[in-house]
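**Q** Let me give you the structure first, and then I'll get to my questions.
The values are calculated or read from the model by the stated rules, or taken from the named source; none is laboratory data. Since the structure is predicted, the reported quantities are computational estimates derived from the model, not experimental observations. Methodologically, a virtual Cβ is constructed for each residue, glycine included, from the backbone with ideal geometry; neighbour enumeration extends over all protein chains shown.
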Amino acid sequence: MTNRYIKEYRDDSLSRKIIDGIKATSKKKIKLMEVCGTHTVSIFRSGIRSVLPENISLLSGPGCPVCVTDQREIDIFIQLSKRDDVIVATFGDLMKVPGTDSSLIKERANGKDIRIVYSAMDAVEIAKKTPDKNVVFFGVGFETTAPTIAASILTAEKEGIKNFYVFSAHKLVPPALNALMNMDGVNIDGFILPGHVSVVIGTNAYRQFFNEFRIPCAIAGFEPADILQGILALIEQIESQKPYLVNTYKRVVSSDGNKKAMQIMLDVFDITDASWRGIGLIPESGLRIKEKFKEYNAEEKFVFSIPASQPIKGCECGKILTGLITPPECPLYKKTCTPEDPVGPCMVSTEGTCAAFYRYSS
Amino acid sequence: MKADKILLDHGSGGKASERLVRELMLPAFSNPILEKLDDGASLDINGTRLAFSTDSYVVDPIFFPGGNIGDLAVNGTINDIAMCGAVPLYLSAGLIIEEGFPVAELEIILNTMSEAAKKAGVKIVTGDTKVVPKGAVDKIFINTSGIGVISQDICVSGSNARPGDQIILSGTIADHGITIMTQREEFSFDAPVSSDTASLNHMVKNMFSASKDIHVLRDPTRGGIGTSLNEIAVQSKIGIKIYEKSIPVKKEVAGMCEILGFDPVYIANEGKLLVFVSKEHANKVLDVIKQDKAGKDACIIGEVISDNPGKVILKTLIGGERILDMLTGEQLPRIC
């Protein structure tokens, strides 16, 4: 079942044809940014960089949820994990992310109860089974994951579960694109827009951004042929100087997105300003749990004593996830910062640009 | 070592495990036999060449589709000895059992161990049992050690790979690791997959009957073929080129990997081997492997190159190239 729609898009001959098209069309020296971390990984894993002509550079954007999470939020979650009355539940990617003085993986080795889950619903189940503990789920992710976490809060409410909490550090993609275009020094010729996020928010959600900046945009899927198709679409727009907002992932992305998922998300969360690592405060780019659901909000239940975020000395994750520099240009890369012993989040997450560079390029 | 505490990562079979061995174990026990870092030790005692190996099994759950902790423990050590190019002969078994463990389950495990040993033609000749208070171990842990004899004309080691060698993989990858994952509470998937646990000593014996030009043997257990290939590239100071489209993965296993975001090249196998053999003898050895039930899907997946020493290069499905690095980070603890 899962393999349908995979093999076709990993097919050598299909990809070859698109690569030939790219080579025949592309003349200008250009920089394209893939916004989504899953794209970054797929680009590296399939060796796309090695088959593109030299005049095309791919930059990785702020699309790895772990990487853009503010240091203060990481510190809060690590502080929560130290409490004896709390079980923290998290996606596995966060385990190794270094806080100012610890990480979840170190706290687990210290005997703290930290569970890796694959869905927020699993955290609800843990809460059900351990009524004497407070179960806190760390809600990290974009529009793709936020509706599922909203659904977990609705489930907890429906089932009368009183010991389940969410710490919401969710972020929204379109406001980040705006902020990125307004940053000094950012120089991007086109965007490969995320596939999964677009399934939820739909093509139209980028319309305002596109109308303001008139920059080539292509929504793309995640298989090698999908990404190559997105790149070809951008190159055609750049070479003809006719920018469009194009959806090359039509088999799952619609104009309006998944209305039901969006509704659940907006039923539970209010849109709020959010702090992004490397970018700073972006207006209306985060999600806060609505007043109506405040009994599930970890920020209401617990008191945190975390000062303002402490930037990690020498770490250039911020510049890397805005495409200002590439990982090898960071002074810590491969020296003191490695996947086994990461300094910054871009080296931790499987979707992080530094981790992908480290793993897949020589 | 930078870490001040042992993390699960240190037992993952990947980079952190390698650092633990290199930075703490090797300095503590330093000797030329250990320093080879092969699956087992190759010893010369008065002209008789012996292979000696040990492994501990802590798999969770202890019963899983395709086997249980018992046959896993027997097959695993037999394979480690076979990977030294030896004919395995005798095993020891050490059991650490949690207080309250059901005797009926112990009987099943012991019977499975007995059957696995018989199938492989080895004898379990010594053992030890410890029972510890509830909670001091989880149900049952098993250690097995074994010895075997290496014929005088066989010379295999992770450091023997040579440019031009063809790399044969004996079958589909990731079956064991994915099966264990589907059995875990946190996943609770109902997928038609089963562990590939099997002893490979008969297959290895037949391979050596066909050719003595076999340079490296390795069973890619924890850390998967990705980690094993990297270890060999470093040990032999050669480059390795692998063709992604040649690597066999069962449909169900590939699907599970997609859902869970795992790369099958890093997932554990318990009944597969990698063989590095001269180009001239590659097809002959491949034919022999294919005749074995556990090797019917065997194929050549790549070759040894003189460029990029210490590195594994993957030729991707779309014709691109990338580095295939060692596993970093815990993929899943207690897989074997």
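**Q** With in contact with a Phe, Trp or Tyr (Cβ under 6 Å, 6 or more places away or on another chain), farther than 27 Å from A:Leu180 by Cα and crowded, with 18+ Cβ neighbours inside 10 Å as the only criterion, which of A:Thr90, A:Thr38 stands out?
**A** Residue meeting the stated conditions: A:Thr90.
**Q** Mind listing whichever residues of the stretch A:295-318 are under 24 Å from A:Ile282 (Cα atoms), loosely packed, with under 13 Cβ neighbours inside 10 Å and among the hydrophobic types (A, V, I, L, M, F, W, C)?
**A** A:Ala308
**Q** If only one of A:Ile105, A:Ile76, A:Ile87 is modelled with pLDDT under 95 and away from every other protein chain (no Cβ under 11 Å), which one is it?
**A** A:Ile76
**Q** Can you find even one residue in the stretch B:189-208 that is buried (at least 20 other Cβ atoms within 10 Å of the Cβ) and without any contact (Cβ under 8 Å) to a residue 60 or more places away in the chain?
**A** No, the stretch B:189-208 has no match at all.
**Q** Could you check how many residues of the stretch A:137-152 are within 14 Å of chain B (Cβ to nearest Cβ) and either part of a helix (DSSP H, G or I) or among the β-branched types (Val, Ile, Thr) (or both)?
**A** Residues flagged as within 14 Å of chain B (Cβ to nearest Cβ) and either part of a helix (DSSP H, G or I) or among the β-branched types (Val, Ile, Thr) (or both) within the stretch A:137-152 amount to 2.
**Q** What residue, among those in the stretch B:1-37 that are within 14 Å of chain A (Cβ to nearest Cβ) and more than 22 Å from the chain's Cα centre (by Cα), is modelled with the highest pLDDT?
**A** Among them, the one singled out is B:Glu23.
**Q** Sticking with this structure for a sec: So which residues in the stretch B:37-59 are over 23 Å from B:Lys118 (Cα atoms) and buried (at least 16 other Cβ atoms within 10 Å of the Cβ)?
**A** B:Leu37, B:Asp38, B:Ala41, B:Ser42, B:Arg49
**Q** Would you tally the residues in the stretch A:108-136 being away from chain B (no Cβ under 11 Å), within 23 Å of B:Met181 (Cα to Cα) and part of a strand (DSSP E or B)?
**A** Total satisfying the criteria: 1.
**Q** So, one more: Just checking, how many residues over the stretch B:220-255 are among the hydroxyl-bearing types (Ser, Thr, Tyr), within 19 Å of B:Lys311 (Cα to Cα) and surrounded by 19 or more Cβ atoms within 10 Å (Cβ to Cβ)?
**A** Total satisfying the criteria: 3.
**Q** Does the stretch B:280-292 include one or more residues that are surrounded by fewer than 19 Cβ atoms within 10 Å (Cβ to Cβ), touching a Lys or Arg at 6+ places or on another chain (Cβ under 9 Å) and at pLDDT 95 or above? Walk me through how you get there before you give the answer.
**A** Pass one, the stretch B:280-292, residues surrounded by fewer than 19 Cβ atoms within 10 Å (Cβ to Cβ): B:280-281, B:283-284, B:287, B:290-292.
Now restrict to residues that are touching a Lys or Arg at 6+ places or on another chain (Cβ under 9 Å): B:281, B:290.
Subsequent filtering for residues that are at pLDDT 95 or above retains B:281, B:290.
Yes.
**Q** Do any residues in the stretch A:84-100 that are under 13 Å from A:Ile114 (Cβ atoms) have Cβ atoms under 6 Å from those of residues that are of a type in the set (A, V, I, L, M, F, W, C) and assigned to a loop (DSSP other than H, G, I, E, B), where the two are at least six apart or on different chains, and which pairs are they?
**A** A:Ala89/A:Val117; A:Lys96/A:Val348; A:Val97/A:Val348
**Q** Yes or no: B:Val234 among the β-branched types (Val, Ile, Thr), farther than 12 Å from B:Ile167 by Cβ and not assigned by TED's automatic domain parsing to the domain that holds B:Ile140?
**A** yes
**Q** Which of the residues spanning the stretch A:294-314 are part of a loop (DSSP other than H, G, I, E, B) and either among the aliphatic types (A, V, I, L, M) or within 19 Å of A:Ser102 (Cα to Cα) (or both)? Outline the logic, then answer.
**A** Within the stretch A:294-314, the first condition is being part of a loop (DSSP other than H, G, I, E, B), and the residues that meet it are A:302-314.
Across the stretch A:294-314, the qualifying residues are A:Val303, A:Phe304, A:Ser305, A:Ile306, A:Pro307, A:Ala308, A:Ser309, A:Gln310, A:Pro311, A:Ile312, A:Lys313, A:Gly314.
**Q** Quick one: which helices (runs of 4 or more DSSP H) sit completely within the stretch B:13-78 and have at least 2 residues that are over 30 Å from A:Lys96 (Cβ atoms)? Quick ask: steps written out before the conclusion?
**A** Values: elements: B:15-20, B:26-29, B:32-35.
In the stretch B:13-78, the matching helices (runs of 4 or more DSSP H) lie at B:32-35.
**Q** Among what's in the stretch B:275-298 and is under 28 Å from B:Ile178 (Cβ atoms) and in contact with a Ser or Thr (Cβ under 6 Å, 6 or more places away or on another chain), pick the residue that is farthest from the other protein chains (Cβ to nearest Cβ).
**A** Taking the candidates together, the pick is B:Val285.
**Q** Do you know which residues across the stretch A:173-189 are surrounded by 22 or more Cβ atoms within 10 Å (Cβ to Cβ) and not β-branched (Val, Ile, Thr)?
**A** Of everything in the stretch A:173-189, those that are surrounded by 22 or more Cβ atoms within 10 Å (Cβ to Cβ) and not β-branched (Val, Ile, Thr) turn out to be A:Ala176, A:Leu177, A:Leu180.
**Q** Given (1) more than 10 Å from every other protein chain (Cβ to nearest Cβ); (2) farther than 15 Å from B:Asn160 by Cβ; (3) touching a helix residue (DSSP H, G or I) at 6+ places or on another chain (Cβ under 9 Å); (4) modelled with pLDDT under 95, identify the lone condition not met by B:Gly302.
**A** Tallying (1) more than 10 Å from every other protein chain (Cβ to nearest Cβ); (2) farther than 15 Å from B:Asn160 by Cβ; (3) touching a helix residue (DSSP H, G or I) at 6+ places or on another chain (Cβ under 9 Å); (4) modelled with pLDDT under 95, B:Gly302 fails exactly one: (4).
Okay, residues lined up against (1) crowded, with 19+ Cβ neighbours inside 10 Å; (2) at pLDDT 95 or above; (3) within 14 Å of another protein chain (Cβ to nearest Cβ):
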{"residue": "A:Glu284", "(1), (2), (3)": "no, yes, no"}
{"residue": "A:Arg288", "(1), (2), (3)": "no, yes, no"}
{"residue": "A:Lys292", "(1), (2), (3)": "no, yes, no"}
{"residue": "A:Ile320", "(1), (2), (3)": "yes, no, no"}
{"residue": "A:Ile325", "(1), (2), (3)": "no, no, no"}
{"residue": "A:Cys337", "(1), (2), (3)": "yes, no, yes"}
{"residue": "A:Cys346", "(1), (2), (3)": "yes, no, no"}
